[in-house]
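The values are calculated or read from the model by the stated rules, or taken from the named source; none is laboratory data. This one's a predicted model, so the numbers in the text were calculated from it and none came from an experiment. As a convention, Cβ positions derive from the backbone with ideal geometry for all residues, glycine included, and neighbour counts pool all protein chains shown. Note: areas computed on protein heavy atoms with side chains; ligands, DNA, RNA excluded. Shrake-Rupley method; radii C 1.70, N 1.55, O 1.52, S 1.80 Å.
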Amino acid sequence: MAEVREFAIVGLGRMGSNLSLQALSNGYRVAGYDRRGVSEDLRGAGLTALPKLEGLRGALSSPRVVFLYIPAGPAVDEVLETLEGILEPGDIVLDGGNSYWGDSIRRHERLASLGLRFIDLGTSGGVEGAREGACFMVGGDRDAVEKVAPMLLDLAEPGGYVFAGRPGSGHFVKLVHNGILYGMLESIGEGVALLSKFPEGLDIAGILSCWENGSVIRSFLIEVLRKQYRDMGGDEDVPSYVEDTGEVNWLIGDALHMEVPVPVIAESVMQLFVARDREEHWARAIAMMRHGFGGHPLGPDEHVAGEREHGKVGSYVEVGGH
């Protein structure tokens, strides 16, 4: 199979649109569909706007490659059901959202029965990563993955690509990644809360800047928080209500079934619930970091809360039998 130099993206939100822009700047031909329409910026950058999903069939050469960047849950199944009537055997669908890994195994089996290939594509790096170089954790049949691997390597940060293994493994690895992220966010947030209580008043942005340089806790998250502190002039105007779409709740359920203790990850989720009931400096810090790396909302957001509610479809799947 010749190297794939064109694909479609369904879902042109923060991640989908920025991945499209990166691909277009790298010489790929990209077609895109979003139920809310396609922005003029994307059209101006060269993206082929599709008014309907059905336009995918004629817009791409066979075998077609289609990325999904839509909220986890029923929305993914709805789009896949539509694509089943559009795509042809051999076409490849990559789910780049935060779907539950058990759902990805089920979707892989269904599409395979129709001659379609399904790849679960855990994607990290936030909005900036999608634009400049993402981190991909890939699960699926090896022969299908090999067909799109050169493209994914082009779109990834150098070294930011791993073939995790069998179907479902890409989204499982991304779910574990998100659990680790929650624990790190909580730890940094608690540290900032301590700094904010020092009697004399500390230059928190200056401290974070120092920690970026040579400190053993230097990290992307520290850098993001420092930038947010500078841009926002502190955290006084930041609500401590931290929204999330609920994926890490699935991981805690998996850990219980696997009998793997995850006290830090579990407590980090519990603390999000606490943040929704009172004002806390640590919660403001978490909200600022999430806003900085992923464009997540500050304060309550009905759309995100709806994603969390509609995404409650994941259930534990035994590895080796489902």
Within the chain, excluding any trypsin sites (Lys or Arg not before Pro) found in a DSSP loop (not H, G, I, E or B) and having at most 10 other Cβ atoms within 10 Å, the longest uninterrupted segment runs 53-196
With 0.36 nm assigned to each residue of separation and the Cα-Cα distance removed, D237 to E6 gains 78.8 nm
Expected field for C135, accessible surface area in Å² at 1.4 Å probe radius, rounded to 10, holds 50 Å²
Contact order relative to length for segment 185-298, counting C-alpha pairs under 8 Å separated by 6 or more residues, stands in percent at 39 percent
Bounding extents of segment 114-243 in its principal axis frame from Cα atoms, largest first in Å, are 66, 26, 26
Sorted by accessible surface (1.4 Å probe, heavy atoms of the protein chains only), largest first, I188, I286 come out as I188, I286
The rounded separation in angstrom of the Cα centers of segment 98-143 and segment 34-74 is 17 Å
In nanometres, the difference between 0.36 nm per residue of separation and the alpha-carbon distance of E88 and L195 is 32.7 nm
For the chain, averaging the sequence separation of alpha carbon pairs under 8 Å that lie six or more residues apart and dividing by its residue count, the contact order in percent is 16 percent
Averaged per residue, the 1.4 Å probe accessible area of the chain, protein heavy atoms only, in Å², is roughly 46 Å²
Carbon/sulfur accessible area of the chain, % of total, 1.4 Å probe, equals 53 percent
Ignoring ligands and nucleic acids, T123 exposes an accessible area, probe 1.4 Å, in Å² to the nearest 10, of 10 Å²
Length gained if E302 through D154 is fully extended, taking 0.36 nm per residue and subtracting the Cα-Cα distance, is 49.7 nm
Projected area averaged over all directions for the convex hull of the alpha carbon atoms of segment 30-84, nm², comes out at 4.1 nm²
From highest to lowest solvent-accessible area (probe 1.4 Å; ligands, DNA and RNA excluded), E280, E259, E186, E157 read E259, E157, E280, E186
The size of the Cβ-based charge dipole (Lys, Arg +1; Asp, Glu -1) of segment 128-229 about the Cα centre, to the nearest 20 debye, is 180 debye
If the label point sits 7 Å along Cα→Cβ of V162, residues of segment 85-123 with amide N under 17 Å come out as 101, 120-123
per DSSP, antiparallel bridges as share of beta bridges in the chain, % nearest 5, sits at 20 percent
Residue ranges of DSSP H helices in the chain that stretch 27 Å or more (Cα, own long axis) and have mean Kyte-Doolittle hydropathy of at least 0.5 are 169-196
In Å, the Kirkwood hydrodynamic radius from C-alpha pairs for the chain sits at 20.6 Å
